[in-house]
Amino acid sequence: MTVHDNTPDIVDRTYRVGGAATTITTTLRGLRGQSRRLATTALAVMLGVAFTAGTLVLTDTLRESFDGMHVDAHAGVDLAVRAPASFGDGPDAVRDRVDAELTAAVAAVDGVAAAAGRTSGWAQLSGPDGTLLGDIASGVDPIGENWIGDERLDPWRIVDGSPPASANEVVIDRAAATTLAVAVGDPVDVLALGGRHAMTISGIATFGDNDDRFGTVTVMFDEATAQHLLGERGRHDVVVVALEEPAAADVVADDIRRSVGAAHEVVTGATLVDEARAVHLQDWGFFDTVMKGFAVIALVVGGFIIFNTFSITVAQRTREFAMLRAIGAGRGQVLGSVLTESMAVGVLASLVGLGGGVGVSAGLRSLFTVFGLELPDGGVVVRQGSLVTAFAVGVAITALSALVPALRAARTAPIAAMRESAIETSTPGGSAGSRTRIATGSAVTLAGAGAMASGLAGAGDDPIVLVGLGGLAVFGGVAALGPVLARPFGRLVGGPIASIRGVPGQLARDNATRSPKRTASTAAALMIGVGLVGFITILAASIKASIDEMVTAGVSADIVVESGSFGFGGLDRSLVTELRSLPEVAAVSGSTLASAEIDGEVSEIIGIDSADYGRLIDLGSTEGSLAGPDGTGLGLDRMAVNADTAAERGWSVGSDVPVTLADGAVRTLTIGAVVEDPYIGVPPMVDTALLESAGLRPFDIQVFVAAADGVDRDTVLAAVASVAERLPNAAVYDRAAFAEDRAGLVDPLLGVVYALLAFAVLIATLGIANTLALSIMERTREIGVLRAIGATRAQVRAAVRWESVMIAGFGTALGLVIGAGFGWAVVRALETEGITRLVVPTVPLAIVVAIAVATGVGAAVLPARRAARLDVLEALRS
Amino acid sequence: MPPRPLTPPAACVRSAVKRYGTGDTAVTALDDVTVWFPAGSFTAIMGPSGSGKSTLMHVAAGLDGLTAGEVFIGVDELGAMSDNELTRLRRDRLGFVFQAFNLVPTLSAYENITLPIRLAGRRIDTAWVDELVGMVGLTDRVEHRPSELSGGQQQRVAVARALASRPEIVFADEPTGNLDSRTGSEILAFMRRAVREMHQTIVMVTHDPVAASHADHVLFLADGRIVDQIDDPDPERVLDRMKQFGA
Ligand SMILES: Nc1ncnc2c1ncn2[C@@H]1O[C@H](COP(=O)(O)OP(=O)(O)OP(=O)(O)O)[C@@H](O)[C@H]1O
Ligand SMILES: [Mg+2]
């Protein structure tokens, strides 16, 4: 390759592409030259990478602190002795408690340094002013335990006062004491089995060095009180063991097995940690998925912008490339120089983005807190693998996004240098290009829709992934169709704008449709955000409406007392007894969750007060009877199932079914009733008395109440409320308010999702601003002419602003169509899950449109200002 | 120095100094220029490259400010006007033709012609615009975009636009500079007609003695000063004078 000494710098530059060092210097020089137009690309890469790194750092951090939490929770525990699984296995196993005498037997084994029984359960602190600590819906568990007080076995340390010495003394964690502003000697109420208990604080403790145990609220009792209030008198959940020689765990475990008999299971502390971790991961798996999903969205949206910027700059530099080609630069050289440039941007911006990731993770954490979801504290954990992943993804996305524009640059015909205008303007409609575009765009869209449909139908190993990829393909396909749709859209919307806004409106419309490809790919970034927001809005509204409908139709009770416990703790059973004695009340039933192995299959079951339940919940037509022939209910030997379950398992009224409960005993239950269950979708039902007889001490999650004849709603509401008053965790609703409360459960999650999607919209806004800025740069001369012949600054600004609004409007329109499609498809697919209503909420969607249009106005602020401030003469000279 | 005209001038530049830059690199583009453009006259400005012709047009049209001196359009002095006032002045009272790229590419020829009127939000005098379009011979091409027109057609659109709002004065900076001589003389003939038949005031910069000979007066600029004037010029005299000033 020859190097001509007298060639201009630009030629020189490209001729030397190939020597790595010079490539980098020339590329850097190129970058400096166009730093402004690359700034937004870099910003998009940075934001995408920061978001990816942020989510990865946050999930790393959370996982680490969860891990730490489980390790610490069992710190010092070398072995544990417990009952064997009654049914289920691994982390899902359900087991009985062990007798308290076991502790002494285990302690007597050689090599055991310390052994203690541990009992834990639900116990909620209530301060002097009625403040309840520990909101399960926000992820803060209120936990009760026995005070062990042996540093070999657990990390709790008294920092003030003393351990509980009697049945009405408790130790609470320091965080709780601070929140409630109580000190040693102060009274405090504790909700647990038996209802509300007045206690005195005997001591305040820390968990190791922490004020609480990973964001939970802990209250500790003496051993007998813990058993009484949390479990079962005379029994422990487990016996934990510290060894003199932890390395000898295997030997001592065998000794313990020999000594306590085969009826017990001896496991290592590590097994307890693993099981707890596995349970946690099940709960948090969705969180991981959601966060990764948003990282992908941020990157895809960012990718559109990067693609767009490179496309535009390549188009603007057509002449430069053509000139290079004309004087002999090879295609590979042009390709190489554009790709190198993009890589440089990708690498630099990704590095900066990584730094931002830590900040983003902190931001995300506080976001969750704002919406009432508490995440455990813990130092930020930055894993090398996560950083490498985020960095690699950032660079790869940048390179991929630049590939097509780079290939286009390489294909530049030398003759293009001679053309007057380097600005690409595609010919309107009808060309072969747009026909293949329509064909591929439609094909990709349909394929994506198909993948989504089969994913929603549950096909494949990983339907969620199928749905996700299908959704992505739909976005891609519609984005490909965008250029075809841009002109019709421009005519449709631009007409009114032009007639309202006059010349600036017309200029805006014409500019917005001038390069449909550019408009479409700019709008595509916004389309994704709006599409997802629209989809979530429709889905949430449908879920809420369905819940509302389900509750309204399925609950015939007049009043519902709700515990907000989701199954961990709840309302003491004495509430049902007391309510039943009210003259205003005709029927009362609690409802509690448990699990059982029914004929070989582990299943969720509910415990109810079966004599009344049928009067409180509309179960439709019933074969057999819940209340039984004598009206006393299912008793201890019968169960009821809904028609679907009965059909699936081949049961009918009178069938005998073997059922194992937590105590491990196998009972034969007769199917006493098969219910149609048209609304709720109830699990198999047994009488709560049966659960109690199996050693469970259940709480009611809800209590349903029907008013006596002739008693109006307000009267029974007041009567129930006055009884429930003694339980601070009881919320008393009439049916409509209960339906509303249930539907409201969707809200916190919805808030987080919206906030995350707002981020995608923000990136899209940057994209619009970027496109406008680049377009204005290439229209400088034209703006000069406009200003010279009398367009005011305000008119120039208005033209840019309306162009921006049109681009945003286009993205919004496409997004809403896609979002509505997704919403429809997903809601239909969830019909069997109880989402029976499809609701398209007009007000929220109108707000989405308003926000998206405002986004357009916002994106235009800086480009419009720059356009309006152009010096007329300089612009004319350009 | 031209004699002060009897009719009030359409525009007037008095003791104008325009200096670019400061210190050693300072360039004096206009050096104490005083000139009147009589209403209803066609003035050509000639001079060597870099003599300040474009600068004079720009300051006269309110596209650029002066270092010292005054500019009047009619009786209004431009120096005190805000950007918005100058913009309105250009829109409502002046017309422009540049050497090339005069038009907004997204608008049709007709839309380009009526652009200043529509920017002002005024009614389009369709009869007048149609007449103009007829005069420049574009009646069957008005719906075309600039990219679909030849260079000469584009310049005719630009001239029609400059005249469409019946401005007090039209400034044309080398309007035929990019055109072949036949197309150029069509444009010139058309501008000449506008002056004769409609009493339009036109100021035109040109390097072409034949083009200049269409004008009523020819002003010669050199090194930022008015150095000579010919009234009722013919090409030979203009050429003669040009040689004298090294243009
Ligand atoms: N923006 C500017 N900054 C600095 N100097 C300038 C600027 N514009 C013009 N000049 C200088 O002012 C002088 C007059 O320029 P002007 O453009 O008016 O010349 P002209 O007579 O129109 O020349 P031409 O026939 O080449 O168009 C020149 O020396 C030019 O370099
Ligand atoms: Mg000039």
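Since every read-out is calculated from the coordinates, none of them should be taken as a lab result. Computed from a predicted model, the values in this text were never measured in an experiment. Every residue, glycine among them, receives a Cβ derived from its backbone with ideal geometry; neighbour counts consider all protein chains shown.
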Original post:
Can you pull the percent of Cα pairs in region A:74-280 with separation above 28 Å?
Top reply: 28 percent
Original post:
How high is the FRET efficiency from A:Trp824 to A:Thr289, r the C-beta distance, R0 25 Å, rounded to 0.05?
Top reply: 0.65
Original post:
Counting partner chain Cβ atoms within 10 Å of every residue's Cβ in B:101-110, what's the average?
Top reply: 5
**OP:** Please say if region B:1-149 is rounded, prolate or oblate, where rounded means a/c under 1.5 for a ≥ b ≥ c the square roots of the C-alpha gyration tensor eigenvalues, and otherwise the choice is prolate for a/b larger than b/c and oblate otherwise?
**Re:** prolate
Original post:
How many percent of DSSP beta bridges within the protein assembly as shown run antiparallel, rounded to 5?
Top reply: 75 percent
Original post:
Applying 1/(1 + (r/R0)^6) with R0 = 22 Å to the Cβ-Cβ distance of B:Ala127 and B:Arg88, what FRET efficiency is obtained, to the nearest 0.05?
Top reply: 0.35
Original post:
Which aspartates and glutamates have a Cα less than 13 Å from the Cα of A:Lys292, not counting those fewer than 8 places away in the same chain?
Top reply: A:Asp60
Original post:
When you count, for each residue, the other Cβ atoms within 10 Å and take the mean per peptide, how do A:191-198, A:343-350, A:237-244, B:140-147 rank with the highest first?
Top reply: A:237-244, A:343-350, A:191-198, B:140-147
**OP:** Treat the count of other C-beta atoms within 10 Å as a stand-in for reagent exposure and order B:Tyr110, A:Tyr613, B:Tyr20 from fewest to most.
**Re:** B:Tyr20, B:Tyr110, A:Tyr613
**OP:** Give me the aspartates and glutamates in straight-line cross-link reach of A:Lys544: C-alpha distance below 17 Å, same-chain residues under 8 apart excluded.
**Re:** A:Glu740, A:Asp741, A:Asp747, A:Glu831, A:Glu833
Original post:
Can you pull the Rg over Rh of the protein assembly as shown, Cα-only, Kirkwood?
Top reply: 1.14
Original post:
For region A:719-779, what is one quarter of the convex hull surface built on the Cα atoms, given in nm²?
Top reply: 6.6 nm²
Original post:
A:Asp129 versus A:Glu676, label points 7 Å from Cα toward the beta carbon: distance in nm?
Top reply: 5.2 nm
Original post:
On average over all directions, what projected area in square nanometres does region A:783-871 have, based on the convex hull of its Cα atoms?
Top reply: 6.8 nm²
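From the Cα gyration tensor of region A:644-718, with a ≥ b ≥ c the square roots of its eigenvalues, which class applies: rounded if a/c is under 1.5, or else prolate if a/b is larger than b/c, or else oblate?
Because a/c hits 1.5 or more and a/b fails to exceed b/c, region A:644-718 counts as oblate.
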Original post:
What order do you get for A:Lys517, B:Lys243 when you list them from fewest to most C-beta neighbours inside 10 Å?
Top reply: B:Lys243, A:Lys517
Subject >> Qualifying lysines (Cα of each under 20 Å from Cα of B:Lys18; at least 8 residues distant if same chain) >> reply: B:Lys53
Original post:
Assuming R0 = 30 Å, what is the FRET efficiency of A:Arg157 and A:Ala362, from their Cβ-Cβ distance, to the nearest 0.05?
Top reply: 0.50
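Taking Cα atoms of region B:110-247, Rg/Rh with Kirkwood Rh, to two decimals?
That ratio is 1.01, to two decimals.
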Original post:
Going by alpha carbons, how many degrees (0 to 90, nearest 10) lie between the helix axis of A:384-411 and the longest principal axis of chain A?
Top reply: 30 degrees
Original post:
Mean projection of the alpha-carbon convex hull of region A:573-726 over all orientations, in nm²?
Top reply: 9.1 nm²
Original post:
Across region A:601-612, in residue order, what do the Karplus-derived ³J(HN,Hα) couplings come to in whole Hz, using 6.51 cos²θ - 1.76 cosθ + 1.60 with θ = phi - 60° and x for Gly and Pro?
Top reply: 10, 6, 8, 6, 10, 10, x, 9, 8, 5, 5, 9
Original post:
Mind checking which of B:Glu111, B:Glu174, B:Glu148 has the largest fluctuation in a GNM of chain B, springs on alpha carbons under 10 Å?
Top reply: B:Glu148
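State the extension gain, in nm to one decimal, for the chain segment bounded by A:Val251 and A:Ser722, taking 0.36 nm per residue of separation less the distance between their alpha-carbons.
In short, 163.7 nm is gained.
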